[in-house]
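Reading through the structure tokens given below for one structure.
All of the numbers you see were taken from the coordinates with simple rules; none came from a lab. Source: prediction; values computed, not measured. Counting neighbours? That spans all protein chains shown, and the Cβs are built from the backbone with ideal geometry, glycine included.
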Amino acid sequence: MLPNYLKASLKTAVLITTVLLLGAGLTLAQQTVNLTAAPSSVTLPDGSVVPMWGYTCGTAAAGSTATCANLNPAAPAATTTAPAGWSPVVITVPYVAAGTSLTINLTNSLSFLNGNTVPTSLVIVGQLGGGLGTTATSTPSPDHSGAQAATTWPIAGGAGTTPPVQGNRVQSFSTEVAAGASAALTWSALRPGTYLIESGTHPSLQGPMGLYGILVVTTAPAGTSAGTAYPAVAATATSAAVPAVTYNAEIPLLFSEIDPVQNKAVNAAVNTAGFSETAVWSGQPGGCGNPSSATYNTCYPPAVNYTPLYYLINGVAFDKTHASTSLFAATPASGVTGSVLVRLVNAGLRMHVPSIVGDQYTSTGATTAASGFALIAEDGNPLPGIPRVQSEVFMAAGKT
């Protein structure tokens, strides 16, 4: 039988240990990343320099184990006279079953000549948070009366048309951050998987300008222990158990495109005095798209003319004279045995159909490897049943 004072000491020790463990769990579940949206540029294989906007990783937050890095490690670093070279980013967050929370402190540095500024926002496609659906910013719709008044095959003397009132248009789909300001954007209860990060403000323009990246929520490999991409799901009365998806190394690959004409037109607009985000492009006399007009280049170009000329993986366009720049190492980089998880993300506006040359997959119970790869998840959702073995995969815009 233990003395009373020893019992009390043990209770206190157990209580302190429990509190410390709980605190450590909360710290692991609550992650913070600092991110800045700013103008940049990229030099392409033919020597062309194209203006871009991009995210740069800030100083790591104290107590956070989430990481932020450039997908293109060769992108030029910032100097005292020049900003960092453009590269998409990848944010990796450790998954916690009890609930993983991510806060991105987004700083908007999209400021240009003549006092022009541009707001921005951030969405993670497939994850709910960051103000998505609750803090959208809208602007009045342009006047459509002139275009809608005309009728097709009108009857002589017939009544004209009265166009309906147009509702406001969404400018930002999530919490909008003004230029020069910062905002803490939070996503609670993150689901494991691979997700596209992109601007939620004028996505057809800010996306192609380069405001995108990857979010990975995972239990990464540690030493000889395999990582877990998706945890196991227990059986229910109506569904069978789903085993965990494990892996030994991983490679993130982000597909995108660049239309140099559109990017240069956007850059010219935001640096022109009198620029207005809501002005409607027009090539008519006096319109902001007419070179002879006094208001030329004071509005965004029409995104419908988007015609990409460069196709990139991880922010790198293939250069046959420097093919090694398009080699992307797995993590961990040291030799491992087992399975390699390839995380595919389409940040472009065009479809992509990637194929992996020389890949092999060994299904459960098989003794020999088959050509192809196993598709285990789409858009952050594990696929049910036996993994599909394919030689390529269709990826629409925004797909992971």
So for region 354-400, using the alpha carbon gyration tensor with a ≥ b ≥ c as root eigenvalues (a/c under 1.5 gives rounded; past that, a/b versus b/c decides prolate or oblate), I'd call it oblate
What number do you get for region 47-180 when its Cα radius of gyration is normalised by 2.2 N^0.38 Å, N = residues? 1.59
Can you pull the one-decimal nm distance between simple spin-label points at residue 324 and residue 128, each 7 Å off the Cα toward Cβ? 4.9
Hey, what D do you get for region 263-395 in µm²/s if you plug the Kirkwood alpha-carbon radius into Stokes-Einstein at 20 °C and 1.002 mPa s? 110
Fully extended contour minus Cα-Cα distance, from residue 165 to residue 333, at 0.36 nm per residue: 54.6 nm
With 10 angstrom as the radius, rank 182, 225, 339 by how many other C-beta atoms surround their C-beta, starting from the fewest. 225, 182, 339
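Once the convex hull of the C-alpha atoms of the chain is built, how many Å³ does it hold per residue, rounded to a whole number?
Values: hull volume 105.0 nm³, N = 400.
So the per-residue hull volume is 263 Å³.
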Cα long-axis angle, helix 4-29 against the chain (0 to 90 degrees, to the nearest 10): 30
Which shape class applies to region 143-243: rounded if a/c is under 1.5, otherwise prolate when a/b exceeds b/c and oblate if not, where a ≥ b ≥ c are the square roots of the Cα gyration tensor eigenvalues? prolate
Theoretical ellipticity at 222 nm over the chain - DSSP helices of four or more residues, -39500 (n - 2.57) apiece, nearest 500: -3500 deg cm²/dmol
Name the residue, out of 239, 141, 326, whose mean-square fluctuation peaks in a Gaussian network model built on the chain with Cα pairs under 10 Å. 239
Please give the helix 260-270 orientation as an angle from the longest Cα principal axis of the chain, in degrees from 0 to 90, rounded to the nearest 10. 80
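Can you work out the FRET efficiency for the pair residue 60 and residue 232, with r the C-beta to C-beta distance and R0 = 41 Å, to the nearest 0.05?
0.85
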Between region 349-381 and region 231-288, what is the separation of their alpha carbon centroids in Å? 24
Kirkwood-Stokes translational diffusion coefficient of region 204-253, alpha-carbon pairs, 4 °C, 1.567 mPa s, µm²/s: 94
Please list, in order along region 376-385, the HN-Hα scalar couplings obtained from phi with the Karplus expression 6.51 cos²θ - 1.76 cosθ + 1.60 (θ = phi - 60°), rounded to whole Hz, x for Gly and Pro. 9, 7, 9, 6, x, 10, x, 7, x, x
Please report the orientation-averaged projected area of region 193-295, defined via the convex hull of its C-alpha atoms, in nm². 11.5
Spin-label point model (7 Å from Cα, Cβ direction): what's the residue 363 to residue 386 distance in nm? 0.3
How big is D for region 298-364, in µm² s⁻¹ as a whole number, if Stokes-Einstein is applied with the Kirkwood radius of its Cα pairs at 37 °C and 0.692 mPa s? 208
